[in-house]
Amino acid sequence: MANFAAGKKSKAISDRSGMAFPYQEMIKEWNGSLVHKSEFEGKHPQIERRDHKADSIALADAKPDRIETATPNLLKTNSFKTGTAGTSAITVTEAGHGRSTSDTVRFYSAQSFDGITATNINRTAGYTITVSDTDTYTFTVATDTATTGNINGGGFRAYAGPVTIVA
């Protein structure tokens, strides 16, 4: 078995400076280097691994996206136009309406014109429409017919919207 010197006269070489120091004054650093106590440097805090909590994936008090309820659109003044005399077809001009054929549209606050009564246009059940293009669609009123034909009307505060409005 080998014996190592450990007495007060034994010397050790510093791994940092290469100088000889008393063996009993030597300290082992975190990286395994044997250095004198005057040369000792502690481990830098950035080298120490710190446990981090994982980033949260879920949000506290998260709410799902709202589904906006449909609201009626204000139509331009006199946006309704009757077809030929004696017909019950009405064309509605609503810029960029985004509606599809077979959608049900209810009109609000429309006024009587060309033999079509306001009560008939503003029917609670609404009307099934046929889309002509991105700005116009047609529907057929229930009972009235146009007296003159090709007349614009409906007033200046008419709205087109869903059959049911959720408040």
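The values are calculated or read from the model by the stated rules, or taken from the named source; none is laboratory data. Bear in mind the structure is a predicted one, so any value in this text is a computation, not a measurement. Please note: Cβ atoms are built from the backbone with ideal geometry, for glycine as well, and neighbour counts cover all protein chains shown.
Pairs please, first residue from the range 17-31 and over 20 Å from PHE4 (Cα atoms), second anywhere and part of a strand (DSSP E or B), Cβ atoms under 6 Å, 6+ apart in sequence or on different chains.
GLU29/VAL35
Tell me yes or no: at least one residue of the range 25-34 is touching a Lys or Arg at 6+ places or on another chain (Cβ under 8 Å), assigned to a loop (DSSP other than H, G, I, E, B) and of a type in the set (Ser, Thr, Tyr).
yes
Is it the case that THR145 is in a loop (DSSP other than H, G, I, E, B) and among the β-branched types (Val, Ile, Thr)?
Taking the combined requirement at face value, the residue satisfies it.
Quick one: which residue in LYS37, LYS81, LYS43, LYS11 is among the basic types (Lys, Arg), within 30 Å of GLY161 (Cα to Cα) and touching a residue at least 12 places away in the same chain (Cβ under 8 Å)?
Numbers: LYS37 fails: within 30 Å of GLY161 (Cα to Cα); LYS43 fails: within 30 Å of GLY161 (Cα to Cα); LYS11 fails: within 30 Å of GLY161 (Cα to Cα).
Unique residue meeting the criteria: LYS81.
Do we have any residue at all in the range 144-153 that's surrounded by 15 or more Cβ atoms within 10 Å (Cβ to Cβ) and either at pLDDT 95 or above or among the β-branched types (Val, Ile, Thr) (or both)?
Yes, some residue in the range 144-153 is surrounded by 15 or more Cβ atoms within 10 Å (Cβ to Cβ) and either at pLDDT 95 or above or among the β-branched types (Val, Ile, Thr) (or both).
For the range 68-97, give me each residue that is surrounded by 16 or more Cβ atoms within 10 Å (Cβ to Cβ) and part of a loop (DSSP other than H, G, I, E, B).
Those that are surrounded by 16 or more Cβ atoms within 10 Å (Cβ to Cβ) and part of a loop (DSSP other than H, G, I, E, B): PRO72, LEU75, ASN78, SER79, GLY83, SER88, GLU94, HIS97.
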